[in-house]
1. Go through region 83-102 and give me each residue that's in contact with a Lys or Arg (Cβ under 9 Å, 6 or more places away or on another chain) and open to solvent by less than 30 Å² (accessible area, probe 1.4 Å).
2. What are the residues in region 47-63 that are open to solvent by 60 Å² or more (accessible area, probe 1.4 Å) and either assigned to a loop (DSSP other than H, G, I, E, B) or more than 23 Å from Ile157 (Cβ to Cβ) (or both), if any?
3. Just the residues that are open to solvent by 50 Å² or more (accessible area, probe 1.4 Å) and either within 12 Å of the chain's Cα centre (by Cα) or among the charged types (D, E, K, R) (or both), please, taken from region 64-82.
4. Filter region 112-126 down to the residues that are among the hydrophobic types (A, V, I, L, M, F, W, C) and either open to solvent by 60 Å² or more (accessible area, probe 1.4 Å) or outside any strand (DSSP E or B) (or both) and list them by number.
5. What pairs come out if I take residues in region 3-26 that are at negative phi and pair them with residues that are surrounded by fewer than 14 Cβ atoms within 10 Å (Cβ to Cβ) and modelled with pLDDT under 60 whose C-beta lies under 9 Å away, six or more apart or interchain?
6. Only residues in region 76-104 that are in a loop (DSSP other than H, G, I, E, B) count as the first member; pair them with residues that are surrounded by fewer than 18 Cβ atoms within 10 Å (Cβ to Cβ) and hydrophobic (A, V, I, L, M, F, W, C), Cβ under 8 angstrom, at least 6 apart or cross-chain, and list the lot.
7. Among the numbered criteria (1) within 15 Å of Thr73 (Cα to Cα); (2) in a loop (DSSP other than H, G, I, E, B); (3) open to solvent by 30 Å² or more (accessible area, probe 1.4 Å); (4) out of contact with any Lys or Arg (no Cβ under 6 Å at 6 or more places or on another chain), which one does Met166 miss?
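The values are calculated or read from the model by the stated rules, or taken from the named source; none is laboratory data. Source: prediction; values computed, not measured. Positions of Cβ are generated from backbone atoms using ideal geometry, with glycine treated the same way; all protein chains shown enter the neighbour counts. Side chains included, ligands, DNA and RNA excluded: accessible areas come from the protein's heavy atoms. Shrake-Rupley method; radii C 1.70, N 1.55, O 1.52, S 1.80 Å.
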Amino acid sequence: MNQLLSNVSLLPAHSYRVLITRLVSAIEVDEDDVPWAAAGSNATLYLQNIDPIHLSQGFVLCPPSSLVPLSTTFTARIIVFDIDVPLTVGVSVELFHHSHNLPATLSAFVATLDRATGKVVKNRPRVLQKGVSAEVKVAVRATGMAGPNAREQPVPIEPFAVNKDMGRLLLRRNGETVAAGKLHFSSYKLCPRC
């Protein structure tokens, strides 16, 4: 829940080198000024002392006392859709998570899983065929600049068990959706550039 004159933190703060916390100066719900907005409301929040040019799609507002973790690598449990070419380790994909669309790599296949029970069928498979359920490691790749100075930007991400909305993902390759799943575990840090 956000209230007037409460502090919120913006994540990720790529263009800044520190965590950004701002004061909420106004809240609108359905074009009406309101003193507060609950989670799930379609609300417009006006923040003090921040240039809108520094905000972008995918930023998350959260209380400074309860920051959403930022991560560049995570483990996900996915179901591979009906694909013509099997997935292999190192394949480049587009990661659709929350409101992000990011380049990513399937960096490792941990195991194939039984779809009904979730138990491990095979450890470290070489490929993932259509219809397979698997646990995979995903690494977000750098966007924009290439070369030795390119850095992947951490994204706000939480396991499905903690937050169902932030824990869902889709993987696409060459314009085709190849898998969907949920975030299982992430290696995260609490503030950008830490």
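1. Ile83, Leu87, Val91, Val93, Leu95, His97, Leu102
2. Gln48, Asn49, Asp51, Pro52, Ile53, Leu55, Ser56, Gln57, Pro63
3. Hits for region 64-82 are Thr73, Arg77, Asp82.
4. The answer is Ala116, Val120, Val121.
5. Short answer, once both residue conditions are applied: Leu10/Tyr16; Leu19/Leu190; Leu23/Leu5; Val24/Leu5; Ser25/Leu5.
6. Note: pairs meeting the criteria are Phe81/Ala180; Pro86/Val127; Val89/Ala108.
7. Looking at each condition in turn, Met166 falls short on (3).
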